[in-house]
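The values are calculated or read from the model by the stated rules, or taken from the named source; none is laboratory data. Not measured: the values here are computed from a predicted model. Cβ coordinates were reconstructed from backbone atoms using ideal geometry, including for glycine residues, and neighbour counts include every protein chain displayed. To get the accessible areas, we keep the full protein, side chains included, count just its heavy atoms, and leave off ligands, DNA and RNA. Shrake-Rupley method; radii C 1.70, N 1.55, O 1.52, S 1.80 Å.
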Amino acid sequence: MPAGRPTGYNPDYCPQVVELGKQGMSKAEIASELGIAKQTLYNWAEAHPEFMDALKSANSFAQAWWEKQGRIAAFGGTPGFNSTAYIFTMKNMFGDDWRDKVEQTIQGPTGDDGKPTAILMTIVDPKA
């Protein structure tokens, strides 16, 4: 047995993590519910593949929960809904899917060195 303090990891945490994700909880909230530091959550995910899978599932479920809340609110189902705070939350919690996207495309003629002589930049506004 390696020296050092035991991690406190228990495979029984996996279904609990998934259930907390279904309630829309962030990784910080999940760590708090388990009574651990957020870094411990990451350490367990790195050391235990089944925990990594549970954490990924929890994140997917949390995103679905948040998106459902936004969909309900968009049609008047949530009095006092703050769309700006919602968008800010979504971009920060689920940045892979919720972000402003900037694409750069190189088009046009090239010089003698083969490098472009003109660059066209396209900015994609997700709100448009």
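Quick notes on this structure:
- Every condition in (1) open to solvent by less than 80 Å² (accessible area, probe 1.4 Å); (2) more than 17 Å from A28 (Cβ to Cβ) holds for G95 except the one numbered (2).
- Filtering T105, T122 for residues that are of a type in the set (S, T, Y) and either out of contact with any Leu (no Cβ under 7 Å at 6 or more places or on another chain) or modelled with pLDDT of 85 or more (or both) leaves a single hit, T122.
- Restricting the search to helices (runs of 4 or more DSSP H) fully inside segment 1-82 and requiring at least 2 residues that are open to solvent by less than 60 Å² (accessible area, probe 1.4 Å), under 26 Å from W98 (Cα atoms) and touching a Ser or Thr at 6+ places or on another chain (Cβ under 9 Å) gives 13-22, 49-74.
- Contact map, segment 65-92: residues that are in contact (Cβ under 8 Å) with a residue 12 or more places away in the chain paired with residues that are loosely packed, with under 12 Cβ neighbours inside 10 Å, Cβ distance under 8 Å, separation 6+ or inter-chain. Pairs shown: A73/S83.
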